[in-house]
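The values are calculated or read from the model by the stated rules, or taken from the named source; none is laboratory data. Quick caveat, the model's predicted, so the values are computed rather than measured. Please note: Cβ atoms are built from the backbone with ideal geometry, for glycine as well, and neighbour counts cover all protein chains shown.
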Amino acid sequence: MLMNSVFRLYFFPTISRSSNELMENNVEIILAYANVFSRDLIIEESHQRDETMEILPANRISEVTALINRGVSPALIILDAGLSDIKGLAGLTRIIEVTRREVPVAIMGVPTSNSEMRMVLEAGSMGYIPKNIGIKAFFSAITLMIEGQIFMPQETSHHNNEKHFLPINDLTGRELDMLSGLLAGKSDKEIAIKYGIALVTVKHHLKSLRGKLGAKNRTHAVCRAIELGLTQEATES
C-alpha cells in the first residue's frame, strides 16, 4: 500500500506523549482521507499491527470538526491534502484552532517542493507524510508525531536547484505500459497481446508495478496511480 521513503525527524517539544503511555492506553487517530479505498486499507493494516490503535475515518474537514465537537480526543489528526474542503492551508488552520493546539495535526499528500513543506510546517502542522511512504515508516511517523517530533520527508535535488520530492520510485517503460493497461481496464491477457509479450512477463511487470506503488491488487494500483498523478504519464507511454 505504501512505499519505502527516507525521512527526517525534528524535535517539537510542545505536544508529547511517552511511548509507555501509547502502549498502555488505546490511541485514537483521526484519518481524513479522500480515497476511501486507500483509507480503509490503512485502517486494516493498523488493526493488524497494533490492537490499541483505533483509526477514526473522515472524508472532509467538516467531519473532523464534528468528531472533535462530539468530544473525541485523538492523539493525532492526519489530513489528506486532497480533501475537497481543505482549501489549501485553511483547512489545516481550522483544525488546529478547533483543537486549541492541543492535538498534533499532520498533512498527508504528494509534496512537490521543499518550500511547500516549509509552508505546511510554518502553518502549524506536526509533519508532512508523503503518500508514497513505506508502511513501516508510516506507522513510525505516527508514533513519533504523537510523542512530539515533527516528521518531514527527505528532499531530493532537482535540475533548477529547488528541492523536489519524488512521488514514487521511477517506473520503467514497461511498468508504465502495465499501468496504462490497468487504467484501460484490460486483462493480463489483453495487455500481453497489446504489447506482444508473454503472459508470464506481464505478471512479472505487474507485480513489480504493484510493489512500487505500494498496492495490494489491481484496483488498488489504479487508485494509487490516480493519487500520485501518474495517469497522464501512463497514458502517454
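Could you say whether any residue in the stretch 53-62 is surrounded by fewer than 16 Cβ atoms within 10 Å (Cβ to Cβ) and without any contact (Cβ under 8 Å) to a residue 12 or more places away in the chain?
no
Looking at (1) basic (Lys, Arg); (2) touching a residue at least 12 places away in the same chain (Cβ under 8 Å); (3) over 26 Å from Thr219 (Cα atoms), can you tell me which one Arg39 breaks?
Unmet for Arg39, out of (1) basic (Lys, Arg); (2) touching a residue at least 12 places away in the same chain (Cβ under 8 Å); (3) over 26 Å from Thr219 (Cα atoms): (3).
Taking Ile86, is it outside any loop (DSSP other than H, G, I, E, B) and within 24 Å of Phe139 (Cβ to Cβ)?
Details: outside any loop (DSSP other than H, G, I, E, B): no; within 24 Å of Phe139 (Cβ to Cβ): yes.
No, not satisfied.
Check off (1) assigned to a strand (DSSP E or B); (2) among the β-branched types (Val, Ile, Thr); (3) over 19 Å from Glu227 (Cβ atoms) for Ile95 and give me the number that stays unchecked.
Here Ile95 clears every test but (1).
Can you name every residue in the stretch 119-147 that is closer than 26 Å to Ala225 by Cα, touching a residue at least 40 places away in the same chain (Cβ under 8 Å) and either β-branched (Val, Ile, Thr) or part of a loop (DSSP other than H, G, I, E, B) (or both)?
Ile129, Lys131, Asn132, Ile133, Gly134, Ile135, Ile142
Mind listing whichever residues of the stretch 109-132 are of a type in the set (Gly, Ala, Ser) and over 17 Å from the mean Cα position of the chain (by Cα)?
We begin by selecting, within the stretch 109-132, every residue of a type in the set (Gly, Ala, Ser); these are 109, 113, 115, 123-125, 127.
Across the stretch 109-132, the qualifying residues are Ser115, Ala123, Gly124.
Determine which member of the set Thr112, Thr93, Thr65 is β-branched (Val, Ile, Thr) and either modelled with pLDDT under 80 or in the same structural domain as Leu228 (by TED's automatic domain parsing) (or both).
Details: Thr93 fails: either modelled with pLDDT under 80 or in the same structural domain as Leu228 (by TED's automatic domain parsing) (or both); Thr65 fails: either modelled with pLDDT under 80 or in the same structural domain as Leu228 (by TED's automatic domain parsing) (or both).
Being β-branched (Val, Ile, Thr) and either modelled with pLDDT under 80 or in the same structural domain as Leu228 (by TED's automatic domain parsing) (or both) holds for just one of Thr112, Thr93, Thr65, which is Thr112.
Pick out, from the stretch 161-237, the helices (runs of 4 or more DSSP H) lying fully within it that include 1 or more residues that are surrounded by 15 or more Cβ atoms within 10 Å (Cβ to Cβ), within 25 Å of the chain's Cα centre (by Cα) and modelled with pLDDT of 90 or more. Working first, answer last.
Details: elements: 173-183, 188-195, 199-213, 218-227, 231-235.
So the answer is 173-183, 199-213.
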